[in-house]
Structure formats: C-alpha cells, structure tokens
1. If you take the residues of the range 81-102 that are more than 15 Å from the chain's Cα centre (by Cα) and assigned to a helix (DSSP H, G or I), which of them is surrounded by the fewest Cβ atoms within 10 Å (Cβ to Cβ)?
2. Those residues that are open to solvent by less than 50 Å² (accessible area, probe 1.4 Å), farther than 15 Å from Glu105 by Cβ and modelled with pLDDT of 80 or more, I need them from the range 148-171; list them, please.
3. For the range 63-80, which residues satisfy the criterion of being open to solvent by less than 30 Å² (accessible area, probe 1.4 Å), touching a Ser or Thr at 6+ places or on another chain (Cβ under 7 Å) and either in contact (Cβ under 8 Å) with a residue 40 or more places away in the chain or not small (Gly, Ala, Ser) (or both)?
4. Considering only residues that are touching a helix residue (DSSP H, G or I) at 6+ places or on another chain (Cβ under 6 Å) and open to solvent by 60 Å² or more (accessible area, probe 1.4 Å), which ones fall in the range 111-147?
5. Of everything in the range 96-119, what is among the hydrophobic types (A, V, I, L, M, F, W, C), in contact with a Ser or Thr (Cβ under 8 Å, 6 or more places away or on another chain) and closer than 24 Å to Asn188 by Cβ? Give them in sequence order.
6. Starting from the range 142-155, keep only residues that are more than 13 Å from Ser176 (Cα to Cα) and of a type in the set (S, T, N, Q), then list their pairs with residues that are open to solvent by less than 40 Å² (accessible area, probe 1.4 Å) and not in a helix (DSSP H, G or I) whose Cβ atoms are within a distance under 6 Å, requiring at least 6 positions of separation or different chains.
7. Is it the case that Ser176 is crowded, with 16+ Cβ neighbours inside 10 Å, under 11 Å from the mean Cα position of the chain (by Cα) and in a helix (DSSP H, G or I)?
8. Here is a list of conditions, (1) at pLDDT below 95; (2) in a helix (DSSP H, G or I), and Gln127 meets all of them except one; can you say which number that is?
Amino acid sequence: TYDIHSKKSDSEKLVRLIVDDFLLETKESCQNSLIYAAVNGHLVVLKSFIGLYDKQINAVEWIDLAFEWAAARGHREIVEFLFHISKGRVDFLQLLSDSFSSAFESAGKNGYSGIIKFLLHQQSSHQDWFNICQKSINAVFEHAAAKNYFEIIKILVGDFNNSASKVHVLDYVVSSACEIALQNNHYNIERYIKENMKKEADDFLGGWIF
C-alpha cells in the first residue's frame, strides 16, 4: 500500500509507483488515494490520477468527492484545478455541477473566504453549468455571522449588492444573521450587514425589519 501522506518532495516518485502498478490495485484503493490527495493538498498526485482518466480508468466518478473535500480543507489550488479541467469535458462539468453547492457550503463553514470568492465568481461566469443553491448560500451566511467570518460576510454582501449577480440572500436570513451575530457578541458583523445590505433589494426580498 502506498503512503499518500508522503512529503511533497516525494510526490513524483510516489505517483510513478502508483501509475506503474495501477492495474494491480483495486478500484477502492485508487479511489481512496485520489480522495486523500485532495484532502491533504497533494496537487501533483491528484493531477497524475486525473491524467489516467483518459487512459485506463473512470476516475470521473470520484472527482466530485475530491472537489468537495478540497473545498472543506481549504485547498484552493486543487479546487481551481478540478474546476478548470472540467471546461470542455461534459462529464466533469456535470459532476462538478452536482457537487458545487456542497463544496461552497463546506468551504464557508470552515471559513475559507478565498474559495467562497472563487466559487461565486465561477457561478456568475458560468451560469449554464454551475449553481450554488439558495439553501447553501443561506447556511454560509448564517454560519459566518456565528463564527465571525468577517471576510465571508463581506464577500456575500458584496455579491448580493452586485446587480449583475444571481446570488440572493433571503430576507429572513438577513435578520437571522444579525440576531446570531449579536448573540455571539460579533457586533462588527451585525453592524456591517445593517450598513451595507442595499435596501433596494426590497424589490425581490419583500423587505426586512432590523
């Protein structure tokens, strides 16, 4: 069994071993190696496994898990890599589309603002394929208020105020986030939301009362 936790300096050697003996390994062990690479941020290993997709294996069924785990652990390089290789490959696109909301929510709940910003940007640029569900947006908004993830609050509010954006935070979530922030003594969060959420949003939110 190959140790996927090897130091990054040993990654190339590790990959050669895995590739050379690939057909001797079970599908389960290869799947685990791919997921472990994503979890631990081993981009070189991950790229090599994905490279095998066009040759011998159907790694596509494991990409969604790697995408979600990389987002949950804050490995933005891997999230971006998996996203960009999806372009022009319908099978990968469909798979990432299915896991996009889960990756967004996982990153948000762990405070990875860079990944949140990246995913929001990709959603606005690729609406035909990628969509973050309303439930995930609301969950991240409230969790950021509870955990004092100020950068995430700023990103979501900014995206909300962007008229070209498809991201909307429901009215009850705005009030709930303010209440949650106050309960946790995060006065900066509560104040920022009140001062920066555009009231013009009443047109589709139905209004809210602070």
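1. Val90
2. Listed by number, the residues that qualify are Ile153, Val157, Gly158, Asp159.
3. Phe67, Ala71
4. Lys117, Trp129, listed by residue number.
5. The one that is among the hydrophobic types (A, V, I, L, M, F, W, C), in contact with a Ser or Thr (Cβ under 8 Å, 6 or more places away or on another chain) and closer than 24 Å to Asn188 by Cβ: Phe104.
6. Asn148/His186
7. Against the criterion (crowded, with 16+ Cβ neighbours inside 10 Å, under 11 Å from the mean Cα position of the chain (by Cα) and in a helix (DSSP H, G or I)), Ser176 does not qualify.
8. In the conditions (1) at pLDDT below 95; (2) in a helix (DSSP H, G or I), Gln127 misses (2) alone.
The values are calculated or read from the model by the stated rules, or taken from the named source; none is laboratory data. Since the model is a prediction, treat every value here as computed from it, not as a measurement. Please note: Cβ atoms are built from the backbone with ideal geometry, for glycine as well, and neighbour counts cover all protein chains shown. Note: accessible area is taken over every heavy atom of the protein model, side chains too, but ligands, DNA and RNA are not part of it. Shrake-Rupley method; radii C 1.70, N 1.55, O 1.52, S 1.80 Å.
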